[in-house]
Amino acid sequence: MTKQINLECTYCHTLTPFNQFQGACPQCGEVIVEARYEMDKIDVKQWLADLRNRPPNLWRYHEVLPIYNVDDIVSLGEGGTPLIKSRALAASLGLKNLYIKDERQGPTGSFKDRQATVAISALKEMGIQEVVVASTGNVAIAYAAYAARVGIKVWAFFPRLTPNDKMREAALYGAEVIKTTGNYDQTKVLAAQFARAKGVFLDKGIKSVAAIEAMKTMAYEIAEQLGREFENRQRWRAPDWFLQGVSGGMGPIGVGKGFRELYDFGLIDKMPAFGIIQSTGCAPMVEAFERGQRVATPIEEAKTIIATLATGDPGRAYEILYDYVQHNGGYFISATDEEAFNAIRVLARHDGISVEPATGVTFAGLFKLVRQGIIKPDDVVVVNCSGHTLPVEKTILGEQWQKLVDLSDTQSMPALPPEEKLVAAIDTVDGQNKQIVVIEDNEAAARLMSRILEARDDCEVHLAHNGKAGINLINRIRPDLVITDLMMPDVDGFQVIEYIRSSDVLRHIPIVVVTAKELTVKEREMLKDQVDMLLQKGSFLDDEFVDNLIARLN
Ligand SMILES: *Cc1c(COP(=O)(O)O)cnc(C)c1O
Ligand SMILES: [Zn+2]
């Protein structure tokens, strides 16, 4: 018995058999269509038992994917990516359950691998040998890799903004690379004209089906993984939030469909809220959401260097997401390129995960949603984390990411033995950064603060665990800033402040007090004259806190 797959128009709900689909709804012309399977024929209990014996990849859910014959699957082992629990970043945000869906671990490093395996498998099943695709980078790279395995030729059209490294990667897999001078929306039009003129299949004809069905497997995996984490495998579980950096919007549309199917199966008992994050320089969805509108006004010229997120005209995808958020909760918010690059550093230095700028935008959005109290400390939050950092390392790290030691320079430190010379040379290089002394007796709090500060590329942190050691450090380093706790054994924070303020050579150093102590009126008065900033412990979030501090330094 062959599988029945129908496509339902998201606008007028007309059904078309998948194998007769012409790229748009035959009734109304809508291109966003959703696959429908004979769900009632699936015995969920039996299916769960079968899943236990299947490998952890995307095709383990093949019953609910648009393929008639599993022999047609073109796979590179995609899907089944880990759901990593964040420790340090979660702690600094005050979140208890922050999870990172690590899509970097896909074959070409982004969640577009899911889309490519589904699309190229479907093309193979349809007997198509050439395809035209318009992409800001990741889709074309993934298509090119999968197409290479079955000899399908890919014509990849890229907009002006796409980094050369991304285009080169597509070319490496054998794609024909065409760079245009236009934006992404113009590039899509050009690709369509080319496909028509040359009589080649246009990816758009399968795109929405492949993308939605592929992205929904992220929902299946997340629910299965959270079930393991929280429910002892007895049930699956939806997170409270799913966050993604959004351009065309197919990711969250697919993920939403996935959770809906799981809800209908009775495997989860709620739908997650969506955090939809866009780059401020190209945020048509966020702008419409802020105006309370269900239809977005297209952005003509994207003012972001993050090409992956530069869809100026989201069309009906925004309406679908807007409706989702109305029904299930969520928020649309934007973050600037600079905030994104900062978030990349923060994530890398806290959790050891390096991401591409589009995902940096997502994390910058997460910081805002937490700070604004929209995401709560107990919420279970999953962030779709994708992409490698290679094409933009320089922008993220700035110039001072490397210490250069000149070993031929024996003049400047002639008396020192070689190892100490090395240490001294490295110390000299450190001199270019802002020196910060942190005095804090709570080891965990000290480490957290130093990580937050060192996530900036321009700060060097020195830790002291009591007032006496702190004073020694201050004398030795003459820092640009001192951050101190108040309550410490022996020499406390008040004495440290007193010491600094009564010294001619140290007096000018700004002091920030971070304390959990309920201050008396007298103490508060005293501190007001002596210190530059007073922070209550636990009341700050990383980048806001750091921005405030850095303002003291300049
Ligand atoms: C494609 C992509 C996006 C945007 O996804 P949509 O769901 O199509 O808006 C975001 N981040 C990364 C890394 C991507 O590859
Ligand atoms: Zn229709």
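A short reminder: the numbers here are calculations on the coordinates, not readings from a lab. What you are looking at is a predicted structure, and each value in this text was computed from that prediction instead of being measured. Counting neighbours? That spans all protein chains shown, and the Cβs are built from the backbone with ideal geometry, glycine included.
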For region 275-305 and region 508-526, write down the distance between their C-alpha centroids in whole Å. 43 Å
So what are the chain's ellipsoid semi-axes, whole angstrom, largest first, if each one is the square root of 5 times an eigenvalue of the alpha-carbon gyration tensor? 50, 27, 21
Hand me the GluC sites (Glu not before Pro) from region 470-538 located in a DSSP loop with no more than 11 other Cβ atoms within 10 Å, in residue order please. E518
Which lysines does K522 reach when only Cα atoms under 25 Å apart count, and residues fewer than 8 places away in its own chain are ignored? K468, K537
Relative to the present Cα-Cα distance, how much length would full extension add between D50 and L172 at 0.36 nm per residue of separation? 40.1 nm
Label point distance in nm, R476-D240, each placed 7 Å from Cα along Cα→Cβ: 4.4 nm
At 0.36 nm per residue, and after removing the present C-alpha to C-alpha distance, how many nm does the segment from R507 to V189 gain when stretched out fully? 108.1 nm
So if I place +1 on the C-beta of Lys and Arg and -1 on the C-beta of Asp and Glu, and nothing else carries charge, what would the dipole magnitude of the chain be about its Cα centre? I want it in debye, nearest 20. 1080 debye
Please report, to one decimal in angstroms, the Kirkwood hydrodynamic radius of region 1-114 built from all distinct Cα-Cα pairs. 17.1 Å
Mean residue ellipticity at 222 nm from the helices of the chain, using -39,500 (n - 2.57) per DSSP H segment of n ≥ 4 over the full residue count, to the nearest 500 deg cm²/dmol? -13000 deg cm²/dmol
Two-decimal Rg/Rh of region 203-359 from alpha-carbon positions, Kirkwood Rh? 0.99
Determine Rg/Rh for region 168-207; Rg is computed over alpha-carbon atoms and Rh is the Kirkwood hydrodynamic estimate from the same atoms. 0.98
Which of K124/K303; K166/K434; K45/K188; K41/K204 exceed 32 Å between C-alpha atoms? The answer is K124/K303; K166/K434; K45/K188
Explain nothing, just the number: relative contact order of the chain, from Cα pairs under 8 Å at least 6 residues apart, as a whole percent. 11 percent
Tell me, what does the Kirkwood hydrodynamic radius of region 157-291 come to in angstroms if you use every pair of distinct C-alpha atoms? 17.5 Å
